[in-house]
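*Asks:* Structure in structure tokens, see below.
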Amino acid sequence: MLDYLIVGSGLAGISFAEIALKNNKSILVVDNMSQVSSRVAGGFYNPVILKRFSEVWNAQEQLIIMNDFYDEIEEKLQTKFNHKLPILRKFFSIEEQNNWFAASDKRNLAPFLSTKLVSKKYKSIDSPYNYGEVLHTGYVDTMLLLDTYREYLKNNDLLLDQSFDWGYIEFFDFGVQYKNIQARHIIFAEGFGLHKNPFFNYLPLDGTKGEMFVIKAPDLDLDVIINTSVFILPMGNDLFKVGATYNWQDKTDLPTSEGKQELIDRIKEIINCDFEIIEHYGGVRPTVKDRRPLIGTHEQFQSLHILNGLGTRGVMLGPAMAKVLYDYIENDVPLEREIDIKRFHKRYLKSLNSDRP
């Protein structure tokens, strides 16, 4: 009998899988790669919400857990995913500079915002007001990470490459049986696919569509991530990842002409050289209105658990939230109320009057 059947192999799913394996638990991951948001994510991590100059929730703790997690997984898989790279915020006015310095005086932001302006001139970018540097930043090559980890699972017979059918779940004293598989627990890490899950689809996972480009710009020379109205992330060989849009109505993964035009317009606000669009892709981020993850155990079926709602910061949140859920299940460490799905207890009670389990 397995300890964990894990549904989903995005950032949430592989984070939990790795923590379970590290603790000598037996696992099997089920996934048909129908959810793409982790694969097409920008992948960069940033402890500051630059639009509002506020600290990302629990940023210090998340960064420590995240860096340890990716260091260990890089060594295990002998592949480099985590790239430490500065993020520079381009200033468009003296007022923006002043707002930066005011923010850097705040105790919770001081460790993350440099008080020294970056005056370096980057080819094809006008920057008369210079840049501010965010500290402790970088990016994870999420597509490489997920592909490599999926191959590792496959090679070790830990992957079931198929869609998951909730109708095959049977409940017993020992846990659950799914088809011919017995397990103590099921971890649902399905991203936006949660909406099809009859056990947890009462939860308010909104989903926010994002579109991104990979562009080729030979006249753009960057060794940092530029972040303004969009981010520009150097990938090497004159290629750059650029994103992202935010659409709260469209819940498909298909690129759109509107998203394309929005990205083109924003890129032209930052760089003054020609560029070619190499790739254009989209994905629906698993976002929640209160901007907190969805972590916890089903109120009726104690063998069913959820790890979802990582939103736009899955690279930072995934390892930390997987650890929190693992410690909750195995060591009875209580969940913080702001991430526990019990905060939506009233929605669950309402769902009992419907056709959901």
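The values are calculated or read from the model by the stated rules, or taken from the named source; none is laboratory data. Worth saying up front: this structure is predicted, and the values here are computed from it rather than measured. No Cβ is skipped: glycine too gets one built from the backbone with ideal geometry, and neighbour counts run over all protein chains shown. Calculation scope for accessible area: heavy atoms of the full protein, side chains included, ligands and nucleic acids excluded. Shrake-Rupley method; radii C 1.70, N 1.55, O 1.52, S 1.80 Å.
*Asks:* Across segment 39-59, what is the total count of residues that are at pLDDT 90 or above, closer than 17 Å to D105 by Cα and either in the same structural domain as G314 (by the TED database) or assigned to a loop (DSSP other than H, G, I, E, B) (or both)?
*Replies:* Total meeting the criteria: 2.
*Asks:* Which condition breaks for L28 when tested against (1) open to solvent by less than 40 Å² (accessible area, probe 1.4 Å); (2) under 19 Å from the mean Cα position of the chain (by Cα); (3) under 30 Å from K154 (Cα atoms)?
*Replies:* (2)
*Asks:* Pick from Y328, Y281: which is outside the structural domain of K25 (by the TED database), in contact (Cβ under 8 Å) with a residue 24 or more places away in the chain and open to solvent by 30 Å² or more (accessible area, probe 1.4 Å)?
*Replies:* Y281
*Asks:* Let me ask you something else. Would you kindly identify the strands (runs of 3 or more DSSP E) lying entirely within segment 195-262 that contain at least 3 residues that are within 19 Å of the chain's Cα centre (by Cα) and either of a type outside the set (A, V, I, L, M, F, W, C) or surrounded by fewer than 19 Cβ atoms within 10 Å (Cβ to Cβ) (or both)?
*Replies:* Working: elements: 208-216, 225-227, 231-236, 239-243.
The strands (runs of 3 or more DSSP E) meeting that bar are 208-216.
*Asks:* If you check R266 against the conditions, is it open to solvent by less than 50 Å² (accessible area, probe 1.4 Å) and of a type in the set (D, E, K, R)? Full working, then the answer.
*Replies:* Values: open to solvent by less than 50 Å² (accessible area, probe 1.4 Å): no; of a type in the set (D, E, K, R): yes.
The answer is no for R266.
*Asks:* Being closer than 21 Å to C273 by Cα and modelled with pLDDT of 95 or more is the filter here; which residues of segment 236-260 pass it? If you could, list the steps in order and put the result at the bottom.
*Replies:* As a first pass, look at segment 236-260 and keep what is closer than 21 Å to C273 by Cα: 236-244, 259-260.
Within segment 236-260, N237, D238, L239, F240, K241, V242, G259, K260 qualify.
Yes/no per residue for (1) among the polar types (S, T, N, Q); (2) out of contact with any His (no Cβ under 6 Å at 6 or more places or on another chain); (3) under 13 Å from L5 (Cα atoms):
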residue	(1), (2), (3)
K120	no, yes, no
S124	yes, yes, no
H136	no, yes, no
M143	no, yes, no
R150	no, yes, no
L160	no, yes, yes
W166	no, yes, yes
Q182	yes, yes, yes
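*Asks:* Return the residues of segment 291-308 that are in contact (Cβ under 8 Å) with a residue 12 or more places away in the chain, out of contact with any Lys or Arg (no Cβ under 7 Å at 6 or more places or on another chain) and of a type outside the set (D, E, K, R); say none if nothing qualifies.
*Replies:* If we filter segment 291-308 for residues that are in contact (Cβ under 8 Å) with a residue 12 or more places away in the chain, which is where we start, we get 291-301, 303-308.
After this cut, where a residue has to be out of contact with any Lys or Arg (no Cβ under 7 Å at 6 or more places or on another chain) as well, the list is 291-295, 297-301, 304-308.
Passing the criteria: P293, L294, I295, T297, H298, Q300, F301, L304, H305, I306, L307, N308.
*Asks:* Determine, yes or no, whether E299 is within 19 Å of K22 (Cα to Cα) and outside the structural domain of N247 (by the TED database).
*Replies:* No; evaluated as a whole, the condition is false for this residue.
*Asks:* Additional query: Are there any pairs with C-beta distances below 7 angstrom linking a residue in segment 88-108 that is more than 16 Å from E55 (Cβ to Cβ) to a residue that is of a type in the set (F, W, Y) and open to solvent by 60 Å² or more (accessible area, probe 1.4 Å), with the two at least 6 apart or on different chains, and if so which?
*Replies:* Close Cβ pairs satisfying both conditions: F91/Y129; F92/Y129; S93/Y129; I94/Y129; E96/Y129; Q97/Y129.
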